[in-house]
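This report concerns only the one structure given below.
Laboratory data are not the source of any read-out in this text; all were calculated from the coordinates shown. None of these values were measured; they are calculated from a predicted model. Every residue, glycine among them, receives a Cβ derived from its backbone with ideal geometry; neighbour counts consider all protein chains shown.
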Amino acid sequence: MPEVNDPIRRFSLWFRAAAKRSPGPWFDPTAMTLATTGKRGDVTARIVLLKKFGPEGFTFYTNYASRKGRQLGDNPRAALVFYWPHLHRQVRIEGRIEKVSRDESDAYFHSRPRPSQIGAAASNQSEVIPSREYLVDRFKRLQKQFAKQPIPLPDTWGGYRLQPDTIEFWQHRESRLHDRFRYRRDKSNGWKVDRLSP
């Protein structure tokens, strides 16, 4: 495993293997746990979907006014975890978060199915609502309002990109002698690789 010096290339190889060897149509290799923390140190985690990755980082989309969005506003650092059980592999990523450009968010938003666009506009994510009917009614009103026109990108919706400074790859081995390799950015913006004890 340590022969690949670029962790983004290694991630790409593992990601493609996770997708190619999928255990079934229910499995989504883009699903990742996102952990964030607020001003008081309260840590929360949830599953979000990876939409893009490369040397610039790992991109996902959400509501900026959601709990995770507010926490990222307080502390623009986060962690991601991918777990692909059929490969017995895990990837942990830590780094700094930044918002993607408004143009990039708009392009992705309008590439989504129209019902998903309306759903994003209808939901004030993480806010208390009186009932499901309230949400469905709001969806139907927006559906009618924008029946003959594009749905505008909500001001509170867009992308984040995690720029990694640490990426760790974990591979299950027998007798609990798992392989763990940690890549850390060095001062020259390259990567230092360490093998970790399991």
Report task. May I ask you to compute the full-extension gain from Lys51 to Lys187, defined as 0.36 nm times their residue separation minus their alpha-carbon distance, rounded to one decimal in nm? Result -> 46.1 nm
Report summary line: Volume per residue (Å³) of the convex hull spanned by the alpha carbons of the stretch 34-126 is 126 Å³
Report summary line: Most fluctuating of Pro113, Pro29, Pro152 in the GNM of the chain (C-alpha, under 10 Å) is Pro113
Query - Distant alpha-carbon pairs in the stretch 1-84 (separation over 20 angstrom), percent - result: 42 percent
Query raised in the report: If you average 1/r over all unlike Cα pairs in the chain and invert the result, what Kirkwood radius do you get in angstrom?
Result: 18.7 Å
**Report entry** MRE, 222 nm, helices only [DSSP H, n ≥ 4, -39500 (n - 2.57), over the chain, to nearest 500]
**Finding:** -8000 deg cm²/dmol
Report summary line: About its Cα centre, the chain carries a charge dipole, from +1 on Lys and Arg Cβ atoms and -1 on Asp and Glu Cβ atoms, whose size in debye to the nearest 20 is 200 debye
Report task. Express the C-alpha Rg of the stretch 1-50 as a ratio against the empirical globular expectation 2.2 N^0.38 Å, rounded to two decimals. Result -> 1.53
Query raised in the report: Fully extended, how many nm does the chain gain between Ala17 and Lys39 (0.36 nm per residue separation, minus their Cα-Cα distance)?
Result: 4.1 nm
Query raised in the report: Hey, if you drop one equal point scatterer on each alpha-carbon of the stretch 50-98 and run the Debye formula without solvent, what base-10 log of I(q)/I(0) do you get at q = 0.20, 0.28, 0.31 Å⁻¹?
Result: -0.79, -1.16, -1.23
Query raised in the report: For the stretch 112-152, what mean projected area does the convex hull of the alpha carbons give, in nm²?
Result: 3.0 nm²
**Report entry** Max mean-square fluctuation residue, GNM over the chain, Cα-Cα springs under 10 Å, options Arg184, Arg70, Arg46
**Finding:** Arg46
